[in-house]
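The values are calculated or read from the model by the stated rules, or taken from the named source; none is laboratory data. Just so it is clear, the model here is predicted, and its values are computed rather than measured. Using ideal geometry, Cβ is built from the backbone for each residue, glycine included, and neighbour counts are taken over all protein chains shown. The area values use the complete protein model at the heavy-atom level, side chains included, leaving out ligands, DNA and RNA. Shrake-Rupley method; radii C 1.70, N 1.55, O 1.52, S 1.80 Å.
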Amino acid sequence: MPYPVCEWSARYEEYVVIFHSWLIPGYMSLEDMERVVRAIDARMAHYLGKPLPTQEP
């Protein structure tokens, strides 16, 4: 049985980041995807010398 795939992409100035993962119970959840996306946002902000993105509740 195939697992659903979640894909996220963003543009950071001249950089485009595309991340996708299968959502496999016990390995990758939507909450895990959110943590990865937040980590990418924070790292790109650091690399580009921008303030860290705000955290939504």
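Taking the residues in the stretch 1-28 that are among the aromatic types (Phe, Trp, Tyr) and closer than 26 Å to Gly49 by Cα as candidates, determine which candidate is surrounded by the fewest Cβ atoms within 10 Å (Cβ to Cβ).
Per the stated criteria, the residue is Tyr15.
What are the residue pairs meeting all of these: first residue in the stretch 24-47, first residue assigned to a helix (DSSP H, G or I), second residue among the small types (Gly, Ala, Ser) and open to solvent by 60 Å² or more (accessible area, probe 1.4 Å), Cβ atoms under 7 Å, and 6 or more apart or on different chains?
That search, which allows pairs on different chains as well, returns nothing.
For the list (1) more than 14 Å from the chain's Cα centre (by Cα); (2) modelled with pLDDT of 95 or more; (3) among the charged types (D, E, K, R), I need the number of the one condition that Glu13 fails.
It is condition (2) that Glu13 fails.
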